[in-house]
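Trainee: Pasting a structure below so you can have a look.
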Amino acid sequence: MNKYRHYYSFNRVFLLILDITLITFAFKLSNLFRYGNLEFDYQYSVFFVLFALVWWIVSGFSNFIFRIDGLFSFDKKMANMINAFILHAFLLASCIVIFNLEQLSRLLLLYTYLSTALLIGISRLVMEQVSGYFTKSDMAHTRYVIVGAGSAATALHQTLNANDNLGTKFMGFFDDKVDKLSPYYSQVRGGLADLKEYCLQNSIDEIYYTLPLTDKEQVDELAEFAEDNFVYFRIVPDFSAIVERDMNMYFYHNVPMLSIRKEPLEIASNRVVKRVFDIVFSLGVTLLIFPWLMPLIALAIRIESKGPIFFKQLRPGKKNRLFVCYKFRTMRVNNNTELQASKNDPRITRIGAFLRKTSLDELPQFFNVLFGDMSVVGPRPNLVSQLDHYSKVISKYKSRHFVTPGITGYAQVSGYRGETKELRLMEKRVEYDVQYIENWSFMMDMKIIFLTVWNMIKGEKNAY
């Protein structure tokens, strides 16, 4: 897909310019509705610059909100757009406070956001339709055929058809051995002997070869034909016979390698970004919140029940290395420390119930983050007894320990928090943890933190 990188870049620049233009128009429109003229005063001009600048920042961090190709479904694109506006509103609110713009009309802000969201949303719908038209029409700028009609060929066709609508058009399969009962039989244009003539007559741009790599002479012949006629020739190896899971392919210099796991945090630069954020965020919490909140919580814990302020427990961390995990004590002192808390648990104190409901009992874990044992976001560290049990009955359970555990995680903000009486609940938690590991991004961490804070404010029914 390297040949499309220039398209992606142009796409992003074009849509960013379009969005800034629409934002300008939205500001003019909002000012007209609110004040009856199109001229900005000084404060509103500053607000406009901040609005556009924050949108530019969000576009840089958010994945593919400036894309009109088919790499994501329309629903996914709209979800990304909504997430981008939520993040934008959060950042913009911070800027309003920092730059002392509190005097801005609330009605004006409402008009601006509604008109901006409406105009940008409509622009995406229009661009989506335009892109779809060029993809399906004879004006498609890339036409491709697939050599082979077996499982590898049909899987490739489904993937390209669903996920790569960059003005491309599928023209048919070519195979000498075709199952007439196959649902794709009507799309077979002929055998390999017919391929070259068909490519020349129909201006084919790409040939995907999916047959077993056993006929070197055939592969060389097609490669030479493609070179001579300015056609891209791509070999798609079929590993289905030996690989039964999703794989991640990459190159070490010129050596192709397959990895059983896609893990963005394998990349050193990503780990550095995550660690720097962990340190900065944790220092902010410990310096700004702890000095006044910790004495209040400590006093409340001590008044209600005897025992230490902090609860310390060994938890398995990255690669199952044990570390001491800190929490505010929420239970009366007891010997059942490996027993998971349950609803109406008699061990939980009244202040403990409040701390658990609001997740404030986890605050001391920011010290674990500074020590390097935990991250702000990551799979929650379970009990040692849970590690021993679930690693035997859930296939991917140990996979969650490839990364540093977190104070909050994707599973927790997705509704899988609290007691896990049933195996399926832990399986779902592991599923979300693995999704987080395989799809990590800085913006994903920001989203999880935002949802965690929101859940703390509204309270969670599974937090007990």
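Trainee: For the range 402-436, which residues satisfy the criterion of being within 27 Å of H88 (Cβ to Cβ) and in a helix (DSSP H, G or I)?
Mentor: Y410, A411, Q412, V413, Y432, Q435, Y436
Trainee: Checking the condition open to solvent by less than 50 Å² (accessible area, probe 1.4 Å) and either out of contact with any helix residue (DSSP H, G or I) (no Cβ under 6 Å at 6 or more places or on another chain) or modelled with pLDDT under 65 (or both), which residue from I68, I82 passes?
Mentor: I68
Trainee: If you don't mind, there's one more thing I want to ask. Output the number of residues of the range 367-407 satisfying the condition of being among the basic types (K, R) and farther than 14 Å from Y432 by Cβ.
Mentor: Result for the range 367-407: 2.
Trainee: For the range 393-413: of the residues being buried (at least 21 other Cβ atoms within 10 Å of the Cβ) and among the aromatic types (F, W, Y), which is farthest from the chain's Cα centre (by Cα)?
Mentor: Result: Y397.
Trainee: To continue, here is another question. If a residue must be open to solvent by 70 Å² or more (accessible area, probe 1.4 Å), outside any helix (DSSP H, G or I) and hydrophobic (A, V, I, L, M, F, W, C), how many such residues does the range 299-311 contain?
Mentor: Final tally of qualifying residues: 1.
Trainee: Another question, if that's okay. Could you check the range 367-385 and list, in sequence order, the residues that are open to solvent by 20 Å² or more (accessible area, probe 1.4 Å) and assigned to a helix (DSSP H, G or I)?
Mentor: F367, L370, F371, V384, S385
Trainee: Filter the range 414-440 down to the residues that are of a type in the set (S, T, Y) and at pLDDT 90 or above, then identify the one that is surrounded by the most Cβ atoms within 10 Å (Cβ to Cβ).
Mentor: Y436
Trainee: Follow-up. Return the total of residues in the range 187-205 being aliphatic (A, V, I, L, M) and in contact with a helix residue (DSSP H, G or I) (Cβ under 8 Å, 6 or more places away or on another chain). Even if it seems obvious, please write down each step before you answer.
Mentor: First pass over the range 187-205, keeping only residues aliphatic (A, V, I, L, M): 188, 192-193, 195, 200, 204.
Imposing the further condition that a residue be in contact with a helix residue (DSSP H, G or I) (Cβ under 8 Å, 6 or more places away or on another chain) reduces the set to 192, 195, 204.
Qualifying residue count for the region: 3.
Trainee: Considering the range 158-186 alone, what residues qualify as being farther than 12 Å from R143 by Cα, open to solvent by less than 50 Å² (accessible area, probe 1.4 Å), modelled with pLDDT of 85 or more and out of contact with any helix residue (DSSP H, G or I) (no Cβ under 6 Å at 6 or more places or on another chain)?
Mentor: Answer for the range 158-186, where residues must be farther than 12 Å from R143 by Cα, open to solvent by less than 50 Å² (accessible area, probe 1.4 Å), modelled with pLDDT of 85 or more and out of contact with any helix residue (DSSP H, G or I) (no Cβ under 6 Å at 6 or more places or on another chain): just D175.
Trainee: Another question about this same structure. Which pairs turn up if I take residues in the range 49-68 that are closer than 18 Å to S441 by Cα and among the hydroxyl-bearing types (S, T, Y) and look for partners that are modelled with pLDDT under 75 and not in a helix (DSSP H, G or I) with beta carbon separation below 7 Å, at least 6 apart in sequence or on another chain?
Mentor: Close Cβ pairs satisfying both conditions: S59/I65; S59/F66.
Trainee: If V324 satisfies every condition in (1) exposed (fewer than 15 other Cβ atoms within 10 Å of the Cβ); (2) at pLDDT below 90 but one, which is the exception?
Mentor: Going through (1) exposed (fewer than 15 other Cβ atoms within 10 Å of the Cβ); (2) at pLDDT below 90 one by one, V324 breaks only (2).
Trainee: To continue, here is another question. Taking the residues in the range 26-49 that are part of a helix (DSSP H, G or I) and more than 16 Å from L110 (Cα to Cα) as candidates, determine which candidate is modelled with the highest pLDDT.
Mentor: V49
Trainee: What residue, among those in the range 88-131 that are part of a helix (DSSP H, G or I) and among the charged types (D, E, K, R), is least open to solvent (accessible area, probe 1.4 Å)?
Mentor: The initial filter retains those residues of the range 88-131 that are part of a helix (DSSP H, G or I), namely 88-98, 106-131.
Going one step further and asking which of them are among the charged types (D, E, K, R), we end up with 106, 124, 128.
On the way: R106: 151, R124: 14, E128: 48 Å².
Out of the qualifying residues, it is R124.
Trainee: Out of (1) charged (D, E, K, R); (2) open to solvent by 70 Å² or more (accessible area, probe 1.4 Å); (3) not in a helix (DSSP H, G or I), the odd one out for E217 is which?
Mentor: (3)
The values are calculated or read from the model by the stated rules, or taken from the named source; none is laboratory data. Please read all numbers here as calculations on a predicted model, not as lab measurements. A quick note on method: Cβ atoms are made from the backbone with ideal geometry, for glycine too, and the neighbour counts reach across all protein chains shown. Please note that ligands, DNA and RNA were not included when accessible areas were found on the heavy atoms of the full protein model with its side chains. Shrake-Rupley method; radii C 1.70, N 1.55, O 1.52, S 1.80 Å.
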